[in-house]
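Values quoted throughout were computed directly from the atomic coordinates according to the rules given, and no laboratory measurement underlies them. Quick caveat: nothing in here was measured; it's all calculated off a predicted structure. Every residue, glycine among them, receives a Cβ derived from its backbone with ideal geometry; neighbour counts consider all protein chains shown.
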Amino acid sequence: MDKLTGSVFRNMAKSAAIRLEAEKARVNALNVFPVPDGDTGTNMSLTLSSAVEAVLASNSNSIGELAESAAQGALMGARGNSGVILSQFLRGFADGVKGLEEADSVELAQALVKAAEAAYGAVIKPVEGTVLTVGKEAAAEAMRLAKRGGDLLAVLEGALLAAIDTLAHTPDLLAALREAGVVDAGGEGLVVAAKGAFSALNGEASPEELELASMQASGTAAQSTINSVEEHSASTSVSDSPKTGIQETEVVYRYCTEFIVKGVNIDQAGIKRDLEDLGDSLLVVGQPNMVKVHVHTNHPGTVLELCGVRGDLFNIHINNMEEQNREAAKHEHDMTLPDEKPVQPAPQPVSTAVIAVANGVGCIELMKSLGCTAVVEGGQTLNPSTEEILAAIRESGARKALVLPNNKNVLMTARQAAHLSPIPVIVIPTKSFCQGVAALLRFTPEESAEENAGRMEAAIDEIACGEVTVAVRDAVIESRVIKEGEYLGISGGKILTTGTSINDVTMDLIAELMTENSSLITLYYGESVTAETAETLQAVLAERYAVDVEIYPGGQPVYDYLLSVE
Amino acid sequence: MAVRIFVDSSSDITPELAAELNIHVVPLTIHFGDMVYKDRIDITPALFYEQIRKSKTPPNTSQPSPGEFLKIYEEHSSPGDTILSFHISSKLSGTYQSAVLASKQITDRTVHVIDTFSVSMGVAIPAVYAARWAATGVAVTEILSRCAKMIASTRIYFLVDTLEYLQRNGRIGKAQAVVGSLLNIKPVLCMDDGEVAAADRVRGKVQAKARLVDLAFSDVKQARKYACAVMDAVNPQERDALASITKERLPEVDLYQAPLGPVVGTHAGPGTVGIIITEVE
């Protein structure tokens, strides 16, 4: 075939739309970046359908006019970012074949290059590793083959294979994809449409044959057989939100290992069983006589040996992903334009560490969930050592640290640790767990240690804190007679209430702390208190005061309740 | 040679105000599963919140296509006119991008597409002022420069019942940091550089509302003129309360009230209340 005619173009467009419509759900499932709305396939399919309707409505037989109709139709029907980008591909393509009755391979390649350029122009800040890259590489390959004198079929086949190959590598370019373990959804949509178009041109090559051809050509995974995110789950642990761009992530399995096994009646399920414990992102696809294997592992040698038993190995590729990862992160830095916010390197270590002292599983977890870098276990009757606090400061690797002692008996130790620390340390003098919570809520990682310290210290006095515990012996304190085993309600180092009922003592203590502006009571119940008991008290308090009452399992020893009123 | 003002439907401009000032609204699309609605044409805020309660699938939104922009621009302007088109932050929606693409197709009239870095009435207020200025004969360059100042001075603070909606639709931006706390934290959210961010995090609804007001009015100067808007997603009591506080703090304020429409409702969820404050001139 020398030239692409209008009527063939019409068939290709129709076939592309049919294929994309049939596979849109699979494309939707891939959509994890930048917004997990999962409608890329639907949006691209509707956009392409709108383009094809316009093509079918046209009586023209000139490729230039039909491509123009497609571009107009897509423009009107464009939905979502992916649809808009697709419409710009078609716009660029139409500009490329403008005025032509038929297109030869060079003209077609030029139009594809224009299409890719127009797509880049549609995006305010183009990102590599997306449909844009897939389109660009396909167009570049088409141009290379056309210049060498390749005929129409060869040029388009080459472009399609390049698209498939580039798609398989999108996770290498985009951390968000790598983390989610998927290829780019928009790129997948483009490849699906291109396969549909190509099958109409060729009429003979089935998609499966193309798939295998691509595997042989590139030795990369046949990504389009991925049916769900789970099958290709992430092998990296994320150190920051993908929003900020490509981060250097910690790679759990270091070697991306890919190869083809050729043989007779190869047992694919057997290969999966052999390899599933050696790594992740395992993909085993193909036919009984040829199977493509892809796995992330720390033992590529073992993987090859296990599979070598089942057939002959071809196209073996082993890549160190740590290296790729660093390259990708570096590349992202290079691409950052001066007017964009710089891409932060992975925030490990943090610039300001927050080290808190807490006791009880629930309390420790709460502190961590509020942004503590590390929690040193300890508190009343179990004071941590200077060395323990110092070790936490050192291990944080931070440039500065804030320490929340959360107990007056720990305050001195914390100051001691600050004195001995190799990095500047500010101790926020929190005397209770609840004060620590109030202070932590004011912590903003983006701001300096000094600014944070000022705000956090101010927050300490904004809430009233108390503790409920049991007297361990008889005593007389400030003319108050206390018997062993009685409950004590304490606030600010003073015993405010006593009694034999834990609920009464707690209620009385809260009554002492309430003011007319109070709007929230929080109870952290200790290891000796059941959730049921705490819930009952919560209900009674909510009824009495008409304020919000929240309860959390603190799991702390010694104190039945730690509580705050604010 | 007239100046024509356009906004997208995320601006939450009321139909009355749009009609009064001859502002044209380009609809976004709201999806509930397979059900598709043109915002403010096929669905009102009231119907939307009823649907959100009934529907098993959560809603989603999609931007108008460049073609739709082109059609509405051409329908409501004539060759030689100047079009000012105000839109939702380009970091939250592709609407701005669609408008820009459409504007490139128009050769016989001048189109200025403006990214407000904002949402809801934060999009509408500059458009409203632009319409008024245009009506009194202020030159386009002057209108653009005044609007740029307004946009730079605009601050938005809002409270959501739950962060689920922002998270599910990927609009949580820099406020991501407040997610995952074991403590029930109420973040006071804001728009920072066109993205959602947490202005502060406090505990309890009462304190959250107090902080919202503190933040909104902390910098106001009595010598200046302000436009404010208070908005709610079916939370009229809170909106009224915010409106009276606003009038108390700024007796001269140019105050707008509107329900948060389906676009913002999709991403912030029912129960949301918000306040926008912007310096005028």
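Of the options A:ALA54, A:ALA22, A:GLY121, report the single residue whose Cα projects farthest towards the positive end of the charge dipole of segment A:3-224 (beta-carbon charges: Lys, Arg +1; Asp, Glu -1).
A:GLY121
Calculate the mean, over all residues of peptide A:515-521, of how many other protein chain Cβ atoms lie within 10 angstrom of the residue's Cβ.
Across A:515-521, the average partner-chain Cβ count within 10 Å equals 3.
Where does helix B:205-217 land angle-wise versus the long Cα axis of chain B, in degrees 0 to 90, nearest 10?
40
Between A:SER501 and A:LYS98, what is the label-to-label distance in nm when each label sits 7 Å out along the Cα-to-Cβ direction?
With each label point 7 Å from Cα toward Cβ, the separation is 8.8 nm.
If R0 is 35 Å, what FRET efficiency do you get for B:SER145 and B:MET1 from their C-beta distance, rounded to 0.05?
The computed FRET efficiency comes out at 0.95.
Give me the three principal axis extents of the protein assembly as shown from the C-alpha atoms, as integers in angstrom, largest value leading.
107, 82, 49
I need the calculated FRET efficiency for the pair A:ASN298 and A:GLU387, taking r as the beta carbon distance and R₀ as 30 Å, to the nearest 0.05.
For A:ASN298 and A:GLU387, the calculated efficiency is 0.30.
Could you give the size of the charge dipole of segment B:194-280 about its Cα centre, using +1 on the Cβ of each K and R and -1 on the Cβ of each D and E, expressed in debye and rounded to the nearest 20? Numbers along the way, then the final one.
Numbers: 11 positive and 11 negative charges, 47 e Å.
Once rounded to the nearest 20, the dipole reads 220 debye.
Taking segment A:116-159, which trypsin sites (Lys or Arg not before Pro) meet the DSSP loop condition and have no more than 16 other C-beta atoms within 10 Å? Write down the numbers at each step before the final one.
Details: sites: A:LYS136, A:ARG144, A:LYS147, A:ARG148; in loops: A:ARG148.
In loop regions of segment A:116-159 (DSSP not H, G, I, E or B), the sparsely surrounded trypsin sites (Lys or Arg not before Pro) are A:ARG148.
As I understand it, the dipole of segment A:469-565 uses +1 on the Cβ of Lys and Arg and -1 on the Cβ of Asp and Glu, about the Cα centre. Which of A:GLY555, A:TYR524, A:LEU488 lies farthest toward its positive end?
The listed residue farthest towards the positive side: A:LEU488.
Assigning unit charges at the beta carbon (Lys, Arg +1; Asp, Glu -1) and nothing else, what dipole magnitude in debye, to the nearest 20, does segment B:86-175 show about its Cα centre?
140
How big is the antiparallel share of DSSP beta bridges in segment A:352-460, given as a percent to the nearest 5?
Bridges in segment A:352-460 are about 10 percent antiparallel.
With a 10 Å Cβ neighbour count serving as the proxy for reagent exposure, in which order, fewest first, do A:TYR120, A:TYR561 appear?
Details: A:TYR120 15, A:TYR561 28.
Going from least to most buried by this count: A:TYR120, A:TYR561.
Scan segment B:5-110 for GluC sites (Glu not before Pro) in coil per DSSP, keeping those whose Cβ has at most 13 other Cβ atoms within 10 Å, and list them by number.
Counting only loop positions with at most 13 other Cβ atoms within 10 Å, none of the GluC sites (Glu not before Pro) in segment B:5-110 qualifies.
Ranked from highest to lowest mean number of other Cβ atoms within 10 Å per residue, what is the order of the peptides A:168-178, A:75-85, A:20-30?
Ranking, from highest mean packing down: A:75-85, A:168-178, A:20-30.
What aspartates and glutamates sit close enough to B:LYS104 to cross-link, taking a C-alpha to C-alpha distance under 20 Å and skipping anything fewer than 8 places away on the same chain?
Hits, sequence-local ones excluded: A:GLU68, A:ASP95, A:GLU117, B:ASP8, B:GLU68, B:GLU74, B:GLU75, B:ASP81, B:ASP115.
Return the percentage of antiparallel bridges among DSSP beta bridges fully within segment B:3-152, rounded to the nearest 5 %. Could the numbers behind the result be given before it?
Working: 8 of 24 bridges.
Here the share of antiparallel DSSP bridges comes out near 35 percent.
Taking A:LYS24 as the anchor, which aspartates and glutamates have their alpha carbon closer than 15 Å to its alpha carbon, excluding any fewer than eight residues away along the same chain?
Cross-link targets: A:ASP37, A:ASP39, A:ASP184, A:GLU188, B:ASP34.
Shape call for segment A:469-565 from the C-alpha gyration tensor, a ≥ b ≥ c root eigenvalues: rounded (a/c under 1.5), prolate (a/b greater than b/c) or oblate?
It is oblate, given that a/c is not under 1.5 and a/b is not larger than b/c.
Please work out the Cα center distance from segment B:28-82 to segment A:489-534, rounded to the nearest Å.
With segment B:28-82 and segment A:489-534 each reduced to a Cα centre, they are spaced 53 Å.
Restricting to the protein assembly as shown, what percent of DSSP beta bridges are antiparallel, rounded to 5?
Working: 80 of 120 bridges.
Expressed as a percentage, antiparallel bridges in the protein assembly as shown total about 65.
Among A:350-358, A:8-16, B:139-147, A:472-480, what's the highest-first ranking by average C-beta atoms within 10 angstrom per residue?
Going by the mean number of other Cβ atoms within 10 Å, highest first, we get A:350-358, A:8-16, B:139-147, A:472-480.
So if each residue of separation counts as 0.36 nm, and I subtract the Cα-Cα distance between A:VAL547 and A:SER528, what length gain in nm does that give?
Extending this stretch completely gives an extra 4.2 nm.
Please give every one of the lysines within straight-line cross-link reach of A:LYS98, meaning a C-alpha to C-alpha distance under 18 Å, and leave out same-chain neighbours fewer than 8 residues apart.
A:LYS3, A:LYS114
Residues of B:96-108, mean number of Cβ from any other protein chain within 10 Å of their own Cβ, rounded to a whole number?
Numbers: counts 1, 6, 9, 0, 2, 8, 1, 0, 2, 2, 0, 0, 0.
What the average comes to for B:96-108 is 2.
Any idea which of B:VAL213, B:GLN105, B:HIS31 is furthest toward the positive side of the dipole for chain B, if Lys and Arg beta-carbons carry +1 and Asp and Glu beta-carbons -1?
With unit charges placed on the Cβ atoms, the residue in question is B:VAL213.
Summing -39500 (n - 2.57) over the DSSP H runs of n ≥ 4 in the protein assembly as shown and dividing by its residue number, what mean residue ellipticity at 222 nm do you reach, to the nearest 500 deg cm²/dmol?
It comes out at -14000 deg cm²/dmol, rounded to the nearest 500.
Mind checking the dipole of the protein assembly as shown: about its Cα centre, +1 per Lys or Arg Cβ, -1 per Asp or Glu Cβ, Debye to the nearest 20? Walk me through the numbers on the way to the answer.
Values: 70 positive and 108 negative charges, 232 e Å.
Charge dipole, the protein assembly as shown, about its Cα centre: 1120 debye, nearest 20.
Using a Förster distance of 41 Å, how high is the FRET efficiency between A:ALA269 and B:THR57, based on the Cβ-Cβ distance and rounded to 0.05?
0.70
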